[in-house]
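Here is the structure we will look at, set down as structure tokens.
The values are calculated or read from the model by the stated rules, or taken from the named source; none is laboratory data. It should be emphasised that the depicted structure is a prediction, and the values quoted were computed from it without experimental measurement. Cβ placement follows ideal geometry from the backbone for every residue including glycine, while neighbour counts extend to all protein chains displayed. For accessibility, only protein heavy atoms count, side chains too; no ligands or nucleic acids. Shrake-Rupley method; radii C 1.70, N 1.55, O 1.52, S 1.80 Å.
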Amino acid sequence: MKRRTYHDPLHGEIVLDSADPAEAMAMALIESAPFQRLRRIRQLGPAYLTFHGAESSRFTHSLGVLQLARRALKHLERQTPSLAQQRGLLYGAALLHDVGHGPLSHSGEEMFGLHHETWSARLIRQQKSLREPLDSWLPGNSEAVAQLLERGIAPNPAIAALVSSQLDCDRLDYIRRDSYSTGTAYGQLDLSRLIGALVIAPDGQLAIHPRGRTAVEHYLVVRSLMYGSVYNHRLNIVCNWLLQQIIVQARRLGPNKIFADSVMNQWLWHIEDLDSDTYLANDDLRTGYHLIRWREEGPAPLRELCERLLERRLLKATDVRQLNSGERLEALALAQRLSISAGLDPEICCGLRETRTTGYKPYVGGLRLWNGEQLQALEQVSPLVESLSHPQELAWLLHPREISQALRLSLAAIGPQP
């Protein structure tokens with residue numbers, strides 16, 4: 001009998017026992033090279049430049065998701081014992097839901113134009129070290145996990161909801177973990193009450209017992225706060241824009257003008273032909289090394305972008321959400337003209353970033369309350385949750401700090417200021 005203990009800062013001891021077939025499968029997946037690679041993928045991408053404690057990895061997060069999935073399934077098995085048959089599917093999906101992340105997590109998706117869900121499924125299908133442990137639980141389990149991660153399809157809707165929904169194990173872990181690592185103390189979720197409130201509705205879907213309503217409301221408020229203060233922090237917006245511009249410049253320059261090893265060559269100029277081994281060969285370390293090389297020896301525009309990011313000489317971000325679309329473009333043109341006057345290249349120091357967030361999405365797997373007699377949509381009985389479903393528009397004008405004062409004075413003539 002073999003036991004393995006992972007000491008987690010949030011969940012305490014995560015103990016796996018090879019005497020349990022589902023846990024033996026999980027242990028084999030954790031030891032695989034594709035999963036170990038997640039140690040080299042930052043959970044929050046470049047957010048460490050804003051929140052210095054944001055150094056946790058996708059490896060750590062994925063173990064946390066597994067632990068929450070185990071707790072949730074154990075609770076639900078008391079109501080529906082047949083769910084025990086889905087352990088291999090749930091444990092595999094919980095562990096591998098992020099195995100397809102590229103360098104710097106979600107920032108890498110924007111940089112290179114990828115979708116980690118698609119790559120997670122592809123790696124499960126193509127990497128023997130993932131496929132064989134999954135199928136050791138049950139033949140065909142690897143394809144079932146791939147389908148669940150790629151398309152949200154599972155034989156049991158409750159299992160699918162634990163992996164991807166408005167209240168899934170992934171969100172519960174990353175909200176609490178990201179709050180912990182960034183020092184935003186309001187992420188103290190009542191995980192025991194949230195998990196204890198999970199019930200199976202008459203249609204087989206997950207629902208919430210009314211006694212857990214307050215804990216769920218708190219979770220949704222915290223999630224909204226995390227998006228406002230961490231995920232959409234203005235400096236995160238700046239860092240992500242700089243990373244995207246670095247890749248744009250590198251691709252434009254071509255392989256004859258900048259250094260790129262064989263792996264990065266494929267990622268930059270032949271990404272549509274990436275095989276799974278070359279995909280896995282890129283991580284934060286390899287990408288970071290290329291940024292350092294380009295800062296030292298790259299052509300001027302690429303070198304300047306890398307210097308800004310690596311030396312944290314970040315651009316400023318001015319909130320322009322109060323301007324209409326035409327006024328925002330006018331503000332961008334103004335910033336570009338001011339940058340030229342200051343002797344700066346506007347192509348690599350001026351940008352406009354716009355996004356629209358909705359927070360809670362009641363019509364996309366919205367949460368429901370089930371008291372054993374009545375099934376109700378959460379937003380219909382909770383004014384607080386209903387308010388969180390209203391969309392919010394964000395718009396940032398990115399520009400060099402050298403023109404900040406002149407830009408601020410000129411913007412007053414374009415439209416109302418926040």
Quiz item: Which whole-angstrom value gives the distance between the alpha carbon centres of segment 134-163 and segment 12-88?
Solution: 15
Quiz prompt | Intensity falloff of segment 274-346 expressed as log10 I(q)/I(0), Debye formula with alpha-carbon point scatterers, at q = 0.11, 0.14, 0.22 Å⁻¹ | solution = -0.48, -0.69, -0.98
Quiz item: What list of whole percents do you get for P(r) of segment 212-270, with Cα-Cα distances grouped in 5 Å bins up to the one holding the largest distance?
Solution: 4, 16, 15, 12, 10, 10, 10, 8, 7, 6, 3, 1
Quiz item: Just for the Cα atoms in segment 155-227, what are the lengths along the principal axes, largest first, rounded to whole Å?
Solution: 40, 25, 18
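Dividing the alpha-carbon radius of gyration of segment 1-159 by 2.2 N^0.38 Å (N being the number of residues), what value is obtained?
On the way: Rg = 15.5 Å, N = 159, 2.2 N^0.38 = 15.1 Å.
It is 1.03.
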Exercise. List the extent of the Cα atoms of segment 299-418 along each of their three principal axes, largest first, rounded to whole Å.
Key: 70, 35, 19
Exercise. Multiply the residue separation of residue 126 and residue 324 by 0.36 nm, subtract the distance between their alpha-carbon atoms, and state the gained length in nm to one decimal.
Key: 66.6 nm
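Which value results when the Cα radius of gyration for the chain is divided by 2.2 N^0.38 Å? Present the calculation step by step, with values, prior to reporting the outcome.
Working: Rg = 23.2 Å, N = 418, 2.2 N^0.38 = 21.8 Å.
Ratio of Cα Rg to 2.2 N^0.38 Å: 1.06.
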Quiz prompt | Mean-position separation - Cα centroids, segment 195-258 and segment 105-122, in angstrom | solution = 14
Practice problem: Pairs of Cα atoms under 8 Å, at least six residues apart: use those to get the relative contact order of segment 311-411, whole percent. | Solution: 43
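Can you tell me the equivalent ellipsoid semi-axes for segment 289-328? Use √(5λ) from the Cα gyration tensor, largest first, whole Å.
On the way: eigenvalues 190, 24, 9 Å².
Here the semi-axes work out to 31, 11, 7 Å.
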Quiz item: Which whole-Hz ³J(HN,Hα) couplings does segment 185-202 yield from phi under the Karplus relation 6.51 cos²θ - 1.76 cosθ + 1.60, θ = phi - 60°, glycine and proline marked x?
Solution: 5, 6, x, 7, 7, 8, 4, 5, 6, 4, 5, x, 8, 5, 9, 9, 6, x
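Counting only heavy atoms of the protein chains, get the accessible area per residue of the chain (1.4 Å probe) and round it to a whole Å² value. Before the final figure, lay out the partial values.
Details: 18150 Å² over 418 residues.
Heavy-atom accessible area per residue stands at 43 Å².
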Quiz item: Given R₀ = 22 Å, FRET efficiency for residue 312-residue 289 by Cβ-Cβ distance, to 0.05?
Solution: 0.75
Exercise. Measure out, as a whole number of angstrom, how far apart the alpha-carbon centroids of segment 365-379 and segment 316-341 sit.
Key: 45
Practice problem: Could you order peptides 394-400, 368-374, 326-332 by the average number of other Cβ atoms within 10 Å of their residues, highest first? | Solution: 394-400, 326-332, 368-374
